[in-house]
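Q: Below is one structure. I have some questions about it.
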Amino acid sequence: KTPPEIFSLCLLLLLNRRINLTMVSQGPNTHDNGGSVKDKTSESANSTAVQISKAPPTLFQWALASSPLLPPLALLLRQCISEFAAFLSSHGGKGSFEPLGIISRQLLSYVFIAAVAGFATSTLVPNISPYLARAGIAGRDIGKGEAGRRAEKIPEALGIVPGAIFLISSILCLFGYILTGNTDKLLDTNSALLSICFMLFLGFTDDVLDWPWRYKLLLPSVATLPLLCCYKGSTSIVVPIQLRKYLMTGGSLTSFGELVTKIVTVDTNADGAILNLGIFYLVYMGLLAVFCTNAINIYAGINGLEVGQSYIVACAILVHNLLELFSSDATAAAPHLFSAMIMFSFVGVTLGLLRHNWYPARVFVGDTYCYFAGMAFAVVGIHGHFSKTLLLFFMPQVANFLWSVPQLFKMVPCPRHRLPRFDEDIKMMRASTFSCKEDEFLWLKRGKRSTEVSNMTVINVVLDIFGPMTEQSLCIFLLVLQAGCCAFGLYLRYNLAEVFFGV
């Protein structure tokens with residue numbers, strides 16, 4: 001057959017397969033993202049229809065949602081006012097000179113594109129969600145107890161909407177590089193979009209087909225290859241001042257330093273202050289991308305948490321980018337300008353999605369959004385050359401991953417769902433548990449002999465320590481914790497870096 005005939009045949013087979021998936025009963029299938037249970041059974045259009053209308057956000061909700069975005073916007077506004085005031089004082093408002101610098105003008109254009117992207121996302125999510133519900137990509141909110149199980153199904157995988165709009169926004173931002181003649185970052189931008197697009201595709205297919213975990217770990221590694229192939233930054237790290245004496249003393253390598261040189265390169269001209277990790281640094285960045293894409297996915301389970309934490313982390317990254325942009329020369333500022341371009345569009349689409357995913361959620365974001373968000377963070381950390389700083393903003397996610405390791409690697413029983421359970425008696429969330437014998441896992445029972453042990457997530461730890469909470473209160477608590485950790489990470493980056501690294 002000719003290539004067009006082969007393509008048409010493949011398309012017909014794919015459509016036939018999709019129709020079978022939506023019309024043939026497959027039985028219930030549990031899903032671990034967003035606190036939902038996905039049921040891909042055939043239902044009539046009336047039973048899968050969803051009501052997506054929602055009361056307008058209150059003033060408190062608007063204030064809560066806008067507070068993380070105020071610091072980066074305040075930094076940008078202060079810079080614009082400073083540049084405009086300098087222009088007026090130097091030229092009296094006359095002449096052909098531009099009142100704002102080229103970086104500030106580019107950032108303002110990114111803000112405008114982000115605002116349009118956020119409005120488009122907020123508008124399209126309610127319009128797209130019925131199509132997903134009719135296709136069977138919907139689930140029930142098991143975080144609401146029996147009421148949630150009896151309620152209408154909620155459309156899932158709505159992360160595809162902000163992901164698609166983000167890609168369009170980023171493509172529009174490419175014109176900024178062309179108009180300014182700065183085409184050096186086009187390769188980085190194209191590789192970034194390729195990796196994000198791959199993860200968006202993987203996340204959506206995971207929501208539809210429910211991939212096993214081995215694929216979820218393998219495929220993100222493949223998605224990072226475009227990033228690593230196009231990476232042109234340094235592969236060196238700065239050694240903390242307190243550790244340099246173990247590498248070099250009196251201008252010569254120590255015994256330990258000579259051992260280290262068999263694996264990596266020690267810069268003797270810098271007295272052991274710099275280590276060139278070479279290929280190991282690229283491996284680290286690949287692992288960082290895998291971690292980011294999965295860290296958000298396992299730190300989830302209640303309405304608004306996945307989108308909320310991503311929004312706060314993105315705002316913290318923007319603060320870091322703007323601080324570096326307004327205090328660096330043009331050459332050093334280029335990676336942070338690239339990061340700001342990506343993050344402004346990401347913040348815009350995320351805010352548009354958060355409006356519909358906030359408690360009580362009218363849509364679930366699914367693995368689609370989690371993978372998309374994680375890869376977006378990995379992209380800016382790698383191409384923005386601040387991959388180590390990025391981890392400072394992921395403190396809750398790192399803690400959640402480390403605490404979850406025994407369950408993730410089956411050293412401790414790991415149930416299908418580890419999200420908090422809804423207590424029907426008090427209408428609040430409690431820590432979910434798994435069953436065991438009285439003499440098992442005593443180190444998790446804090447001296448109590450019980451047959452139930454809380455699942456090993458930060459969400460359950462918070463409920464164990466502070467007691468039952470409503471789902472909305474729990475989400476707000478965790479987001480405030482995320483914001484506090486990001487603020488602490490910025491403090492470490494800009495106040496304690498000199499203590500450890502002398503910069």
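The values are calculated or read from the model by the stated rules, or taken from the named source; none is laboratory data. Note that the structure is predicted; figures quoted are calculated from it, not measured. We place every Cβ from the backbone using ideal geometry, glycine too, and count neighbours over all the protein chains shown. Heavy atoms of the whole protein, side chains included, go into the accessibility calculation; ligands, DNA and RNA do not. Shrake-Rupley method; radii C 1.70, N 1.55, O 1.52, S 1.80 Å.
Q: Expressed in nm to one decimal, what extension gain is obtained for the pair residue 283 and residue 261 from 0.36 nm per residue of sequence separation less their Cα-Cα distance?
A: Working: separation 22, 0.36 × 22 = 7.92 nm, distance 1.83 nm.
Between residue 283 and residue 261, full extension yields 6.1 nm more.
Q: Between the DSSP loop rule and a limit of at most 13 other Cβ atoms within 10 Å, which chymotrypsin sites (Phe, Trp or Tyr not before Pro) in region 396-474 are left?
A: 409
Q: Check each of the trypsin sites (Lys or Arg not before Pro) in region 213-282 and keep only those in coil by DSSP with at most 13 other C-beta atoms within 10 angstrom; list them in order.
A: Filter output for region 213-282: 232, 262.
Q: Any idea what the dipole of region 434-503 comes to, in debye rounded to 20, about its Cα centre with Lys/Arg Cβ at +1 and Asp/Glu Cβ at -1?
A: Taking the Cα centre of region 434-503 as origin, the dipole is about 100 debye.
Q: What accessible surface, in Å², does a 1.4 Å probe find on residue 392, ignoring ligands, DNA and RNA and rounding to the nearest 10?
A: Its accessible surface works out to 50 Å², give or take rounding.
Q: At 7 Å along Cα-to-Cβ for each site, give me the label-to-label distance between residue 105 and residue 332 in nm.
A: Label at residue 105, label at residue 332, 2.5 nm between them.
Q: Okay, next question. Starting at the first residue of region 220-235, write each ³J(HN,Hα) from the Karplus equation 6.51 cos²θ - 1.76 cosθ + 1.60 with θ = phi - 60°, in whole Hz, x for Gly and Pro.
A: So the Karplus estimates, Gly and Pro as x, are x, 5, 5, 5, 7, 4, x, 5, 5, 5, 9, 5, 10, x, 6, 10 Hz.
Q: Ok, one more. Based on the mean of other Cβ atoms within 10 Å per residue, sort peptides 62-69, 342-349 so the most packed one is first.
A: Put in order of decreasing packing, that is 342-349, 62-69.
Q: Please list the non-local residues whose amide H lies under 5 Å from the amide H of residue 274, H modeled 1.01 Å from N, same-chain partners needing a gap of 5 or more.
A: Under 5 Å from the amide H of residue 274 lie the amide H atoms of 239, 267, each far enough along the sequence or on another chain.
Q: Here's another thing I want to ask about it. Taking all protein chains together and a probe of 1.4 Å, list 375, 469 from the most accessible to the least accessible.
A: So, going from the largest accessible area down, we get 469, 375.
Q: Something else now. So what's the projected area for region 395-503, the Cα convex hull averaged over all directions, in nm²?
A: 8.9
Q: Multiply the residue separation of residue 249 and residue 88 by 0.36 nm, subtract the distance between their alpha-carbon atoms, and state the gained length in nm to one decimal. Could the numbers behind the result be given before it?
A: On the way: separation 161, 0.36 × 161 = 57.96 nm, distance 5.48 nm.
Stretched out fully, the residue 249 to residue 88 stretch lengthens by 52.5 nm.
Q: A further question follows. List residues of region 223-259, by number, whose backbone nitrogen lies under 17 Å from a label position 7 Å along Cα→C-beta of residue 498.
A: What the label zone holds, given the 17 Å backbone N cut-off, is 241-242.
Q: Report the gain in length on full extension from residue 172 to residue 241: 0.36 nm times residue separation, minus Cα-Cα distance, nm rounded to one decimal.
A: Extra length from residue 172 to residue 241 when fully extended: 20.5 nm.
Q: By its C-alpha gyration tensor, with a ≥ b ≥ c as the square roots of the eigenvalues, how is region 153-288 shaped: rounded for a/c under 1.5, else prolate for a/b larger than b/c, else oblate?
A: oblate
Q: Continuing with the same structure: So, taking all protein chains as they sit and a 1.4 Å probe, how much accessible area belongs to residue 417, in Å² rounded to tens?
A: 40
Q: Return the loop-located trypsin sites (Lys or Arg not before Pro) in region 411-498 (DSSP other than H, G, I, E, B) with at most 12 other Cβ atoms within 10 Å of their own Cβ; answer none if there are none. Provide the component values of the computation, followed by the final result.
A: Details: sites: 416, 418, 421, 427, 430, 437, 445, 446, 448, 449, 493; in loops: 416, 418, 427, 437, 445, 446, 448, 449.
Sparse-neighbourhood loop trypsin sites (Lys or Arg not before Pro): 416, 437, 446, 448, 449.
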